[in-house]
Amino acid sequence: MNDMSVKIEQLLKLQKGVCEQYEKENKELLKTIKAQEEQIRLLKQLIENQDKIIKALEQS
């Protein structure tokens, strides 16, 4: 029975390590996603501004 307890403890430590690694990776992915969202927002704003310039040029 003692051998089983040791194996369970080893598995729990391994699981904890895996969870911590996933948490780190998820934080990095979230940073990347937020940066990409900002890039998309800026690109949309650029397109809107270009559309306004084109419309203004067409009207003049």
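The values are calculated or read from the model by the stated rules, or taken from the named source; none is laboratory data. None of the values given here were measured: they were computed from a predicted structure. Using ideal geometry, Cβ is built from the backbone for each residue, glycine included, and neighbour counts are taken over all protein chains shown. These area figures cover heavy atoms from the full protein model, side chains too; ligands, DNA and RNA do not enter into them. Shrake-Rupley method; radii C 1.70, N 1.55, O 1.52, S 1.80 Å.
Where does helix 2-59 land angle-wise versus the long Cα axis of the chain, in degrees 0 to 90, nearest 10? Its long axis makes an angle of about 0 degrees. To the nearest µm²/s, what D does Stokes-Einstein give for the chain at 25 °C and 0.890 mPa s, using the Kirkwood radius over alpha carbon pairs as Rh? Translational D for this selection: 154 µm²/s. Taken per residue, the accessible surface of the chain reaches 102 Å², heavy atoms only and a 1.4 Å probe.
A simple count of charges around ASN49, restricted to other residues whose Cβ falls under 14 Å of its Cβ and scoring Lys, Arg +1 and Asp, Glu -1, yields +2. Here the sum of -39500 (n - 2.57) over DSSP H runs of 4 or more residues, divided by the residues of the chain, equals -36500 deg cm²/dmol at 222 nm, to the nearest 500.
Here the accessible area is traced with a 1.4 Å probe on the protein chains. For the chain, carbon and sulfur cover 59 percent of it. Could you please report the charge total around LYS13, scoring K, R as +1 and D, E as -1 over all other residues with beta-carbon less than 15 angstrom from its beta-carbon? Combined, the nearby Lys, Arg, Asp and Glu give 0.
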